[in-house]
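> Below is the structure I would like to discuss, written out as structure tokens.
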Amino acid sequence: MKSSQILVLFDFDGTITSRDTLFAFAEFISGRLHFLFGLFVLSPILIGNRLRLVSAQRAKEAFLTYYFRGLDLNDFNERCTEFALVFLNEHIRLEALSAIQNYSTNDVRMVIVSASPENWIIPWAQRYNIEVISTRLEVQDGKLTGKLKGKNCNNEEKAARILQEIDLSKYSKIIAYGDSAGDQAMFSLANETHFKPFRGNNG
């Protein structure tokens, strides 16, 4: 029997935030010049991904390898926390934050489901008692390899990870917020959906 509890699922990039946080964090940790040069180097793969000639997982791993491979995990996570608590606040949509604050007063379980790595989402989400289901980075000998641990958490993988980690039968209502085709599988699990809901104020 379902409880009266509500589950709210949020996409992160473009839904809660006003920009892509993977690119923003790469610029934050690398500096603008190195970041822009990297985009030039990676442009064939990134364009190939846009044209659906290169898979999202391959493109993301090429991006992660260029900017993050070999970084010490502890140092990386420290920069992620700094990014989450300082930089991210400038790019949070104010309407999204208002919705989160409203849900938090009503005993609602909130979960961010994102294709971006969990490392900088978790420090931000913890401030609002939000759980995170997200892409995970592979680590060997305490250093980032540039590869993903498992699949990129987007499209069908979002739904798969939700079903793996949450017993949806416990909830009387499931609400999902997203902004792209990558959220459609997550939407299929919900009985109330909101597409690009927070565009009135970019934060």
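Throughout, read-outs are computed from the coordinates displayed, never taken from laboratory work. Note that the structure is predicted; figures quoted are calculated from it, not measured. So basically every Cβ, Gly included, is an ideal-geometry build from the backbone, and we count neighbours across all protein chains shown.
> Quick one: 3J(HN,Hα) in Hz for the range 182-192, Karplus 6.51/-1.76/1.60 with θ = phi - 60°, rounded, Gly and Pro as x.
Values, residue by residue: x, 9, 5, 5, 5, 4, 5, 8, 9, 10, 8 Hz.
> For the residues Leu163, Leu7, what sequence is obtained by ranking on other C-beta atoms within 10 Å, fewest first?
Final ranking by Cβ density, sparse to dense: Leu163, Leu7.
> Here is a follow-up. Quick one: dipole size for the range 60-203, taken about the Cα centre, charges +1 on Lys/Arg Cβ and -1 on Asp/Glu Cβ, in debye to the nearest 20.
With Lys and Arg at +1 and Asp and Glu at -1, about 220 debye.
> The range 9-110: which trypsin sites (Lys or Arg not before Pro) are DSSP loop and have at most 14 other beta-carbon atoms within 10 angstrom?
Arg19, Arg52, Arg69
> Taking neighbour counts of Cβ atoms within 10 Å as a proxy for exposure, in what order, fewest first, do Glu165, Glu118, Glu157 appear?
Ascending Cβ contact count within 10 Å gives the list Glu165, Glu118, Glu157.
> Given R₀ = 30 Å, FRET efficiency for Asp20-Gln140 by Cβ-Cβ distance, to 0.05?
Approximately 0.65, to the nearest 0.05.
> How large are Rg and Dmax for the chain when only the alpha carbon atoms are used, in Å?
Cα radius of gyration and Dmax of the chain are 17.0, 56 Å respectively.
> With all pairs of different alpha carbon atoms counted, what Kirkwood hydrodynamic radius in Å does the range 133-176 show?
Kirkwood radius, the range 133-176: 12.3 Å.
> Next up: Once amide H atoms are placed 1.01 Å from N in the peptide plane, what residues at a sequence separation of 5 or more from Leu137, or on another chain, have their amide H within under 5 Å of its amide H?
For Leu137, the qualifying residues are Glu118, Lys149.
> If you don't mind, there's one more thing I want to ask. Which far-off residues, 5 or more places away or on another chain, put their amide H under 5 Å from the one on Thr17, with H placed in the peptide plane?
For Thr17, whose amide H was placed from the backbone, the distant partners under 5 Å are Arg93.
> Suppose R0 equals 22 Å; then what is the FRET efficiency for Ala56 and Arg32 from their Cβ-Cβ distance, rounded to the nearest 0.05?
FRET efficiency, Ala56 to Arg32: 0.30.
> When the helix-only estimate is applied to the chain (DSSP H runs of n ≥ 4, each -39,500 (n - 2.57), divided by the residue count), what is the mean residue ellipticity at 222 nm, nearest 500 deg cm²/dmol?
-12500 deg cm²/dmol, from helical runs alone.
> Calculate how steeply helix 73-82 sits against the longest principal axis of the alpha-carbon atoms of the chain, using the helix alpha-carbon long axis, and give the answer as 0 to 90 degrees to the nearest 10.
The angle comes out at about 60 degrees.
> Another question, then. Whose amide H sits under 5 Å from the amide H of Lys173, counting only residues 5 or more places off or on another chain, with H placed in the peptide plane?
Leu7
> Continuing with the same structure: Over the chain, what is the relative contact order in whole percent, taking alpha-carbon pairs under 8 Å and six or more residues apart?
Relative contact order comes out at 33 percent.
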